[in-house]
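Peer 1: After the structure tokens below, expect a handful of questions from me.
Derivation of every value follows stated rules applied to the coordinates shown; laboratory data play no part. The structure displayed is predicted, hence computed values, not measured ones.
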Amino acid sequence: MYKYAIGLLGTKYRFGGDNINGIDCSSFVQHVFELAGYKMPRTAREQALYGYFVRKENIKPGDLLFFATYASYPSHVGIYIGNGKMIHASSKGGKVEITDINKEYYVKRFLFAKRIPANIKELTPQDSMESIDSYINESKNNKEDPIAKIIMEKNDKN
């Protein structure tokens, strides 16, 4: 997968773009995964429904990283490539580039990471729901976890 992602390095960023003349973050991820044989939805918000949650400290190359940039929901996605770096189509950088995920901008906006299993080429949202249930159960006691924060806020309101 890395070779497909690196092959697009430097491609111009264009919001809503889906080809080599201009590509946005989710189209970049969709394209890279399709080259690797996976069927992925088009938008970051839809892509966030697929795969299995992974704690940030356990991310591996190929995992998807989701961020809340211009919205409170997943509005940006990148592919983790190791050593604290991701490759993504950056509106700020204007192209597909490699970025340090520990930059303050991304740390503040990080939502969660997802892993797409190698043996499943087309996940369903139901597969992902089982992952969400498991992740929520593990997260309830971790006050720093973004999902745990949402659960606690919801419970406080009820």
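Peer 1: Please list, short to long, the whole-number percent of alpha-carbon pairs of segment 2-121 in consecutive 5 angstrom bins beginning at zero.
Peer 2: Bins of 5 Å from zero give 2, 13, 24, 28, 22, 9, 1, 0 percent of pairs.
Peer 1: Ok, one more. At 10 °C and 1.306 mPa s, what whole-number value in µm²/s does Stokes-Einstein give for the translational diffusion of segment 1-41, with Rh from the Kirkwood sum over Cα pairs?
Peer 2: After rounding, the answer is 158 µm²/s.
Peer 1: Another question, then. Length gain on complete extension for the stretch SER91 to ALA118, per 0.36 nm per residue less the alpha carbon to alpha carbon distance?
Peer 2: 6.8 nm
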